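Worksheet: the structure to be examined is printed underneath.
The values are calculated or read from the model by the stated rules, or taken from the named source; none is laboratory data. Being a predicted model, the structure only gives us computed values, none of them experimental. Cβ placement follows ideal geometry from the backbone for every residue including glycine, while neighbour counts extend to all protein chains displayed.
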């Protein structure tokens, strides 16, 4: 039964203009999301910090032993919602914005007025964001001054909201973009997994239906247009690769708790890592002796053409963690490496350019 329900579930998202109860989704406030997030239902896991415990009580007179009484705690810790699936062109900018928090718009009229190209980079390169003063898209706020915060509605029955859950004051705790060019079917596409973290949840006991906007078209990455890979630093390499994985881990904690148990702000300790695998051959053998632990390196993964919807360009800068390791994988020799993206000599530790139909930043 649980598996059947999970296959029907869907997720909606709206940017939250204020932190706290004002503007929450659920209850008497708005229940309708602005975006529909396409995720793989079997990977959708809700782990709200709801604790049910029993208190063993006896009667005041001691004449009759009472039954155990249960207590439900809705405010322990932070609430989490895990998701996963194929990366969709129109959804990816939402996820990048809610995990990195800063952005610029390089062209808001790319090829036609409905196409937008935006660059996302880590807020942590310049300081610590204050999530209690969030970005407001409708007001054309500057996302480099105010970080984005969102609210989510999870409709477990896909259309009949009895038991729907609303997550408020959310950001992404972690996000992973994974690519394996040797897989088949949708496993070969760019895949995404992540975890939203929320300061508050609301269980829709009244069963009020939400109205979800139309889901975006399913436009994937690494289908018609393949990815290119390059690494630059001690020497330059551009060519074949086997796997690529970008991990954004914000390590979110609450700054403090209000009297009602609600987190009053988030604090982040971000880590950005790139793991990659290259085929072992005469060309890549030179990398093993050049890219040693601590070597400043730039790794670029790119697909499509700039200014055209579907363009995705990920530039990661930092230092190699350990040396390139030569090993046997699936019966062939490969080189495995890991880059920690931090403190480059110039530029951002991470800069991700995406061209899609989704406009998040409008500063014109």
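Of all residues being over 16 Å from residue 83 (Cα atoms) and either touching a strand residue (DSSP E or B) at 6+ places or on another chain (Cβ under 6 Å) or at pLDDT 95 or above (or both) in the range 165-187, which is surrounded by the most Cβ atoms within 10 Å (Cβ to Cβ)? Just the residue, please.
169
Somewhere in the range 328-342, is a residue under 27 Å from the mean Cα position of the chain (by Cα), in a loop (DSSP other than H, G, I, E, B) and at pLDDT 90 or above?
Step one: of the range 328-342, the residues under 27 Å from the mean Cα position of the chain (by Cα) are 336-342.
The next check asks that each one be in a loop (DSSP other than H, G, I, E, B); those that pass are 341-342.
Now narrow it down to the ones that are at pLDDT 90 or above: 341.
Yes, that holds for at least one residue.
What's the number of the only condition in (1) at negative phi; (2) surrounded by fewer than 19 Cβ atoms within 10 Å (Cβ to Cβ) that residue 229 fails to meet?
The single condition residue 229 does not satisfy is (2).
Conditions tested, residue by residue: (1) closer than 19 Å to residue 332 by Cβ; (2) in contact with a strand residue (DSSP E or B) (Cβ under 6 Å, 6 or more places away or on another chain); (3) free of Cβ contacts under 8 Å to residues at least 40 places away in the same chain; (4) part of a loop (DSSP other than H, G, I, E, B).
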residue: 218; (1), (2), (3), (4): no, no, no, yes
residue: 223; (1), (2), (3), (4): no, no, yes, yes
residue: 231; (1), (2), (3), (4): no, yes, no, no
residue: 247; (1), (2), (3), (4): no, yes, no, no
residue: 276; (1), (2), (3), (4): yes, yes, no, no
residue: 289; (1), (2), (3), (4): no, no, yes, no
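Filter the range 254-296 down to the residues that are buried (at least 20 other Cβ atoms within 10 Å of the Cβ), under 11 Å from residue 337 (Cα atoms) and within 20 Å of the chain's Cα centre (by Cα) and list them by number.
Matches in the range 254-296: 274, 276.
In the list 299, 314, 352, which residue meets the criterion of being in contact with a helix residue (DSSP H, G or I) (Cβ under 6 Å, 6 or more places away or on another chain), surrounded by 13 or more Cβ atoms within 10 Å (Cβ to Cβ), in contact (Cβ under 8 Å) with a residue 24 or more places away in the chain and assigned to a strand (DSSP E or B)? Reasoning before the result, please.
On the way: 299 fails: in contact with a helix residue (DSSP H, G or I) (Cβ under 6 Å, 6 or more places away or on another chain); 314 fails: in contact with a helix residue (DSSP H, G or I) (Cβ under 6 Å, 6 or more places away or on another chain).
Result of the check over 299, 314, 352: 352.
State the number of residues belonging to the range 17-35 that are within 16 Å of residue 154 (Cα to Cα) and at pLDDT 80 or above.
Of the residues in that region, 6 qualify.
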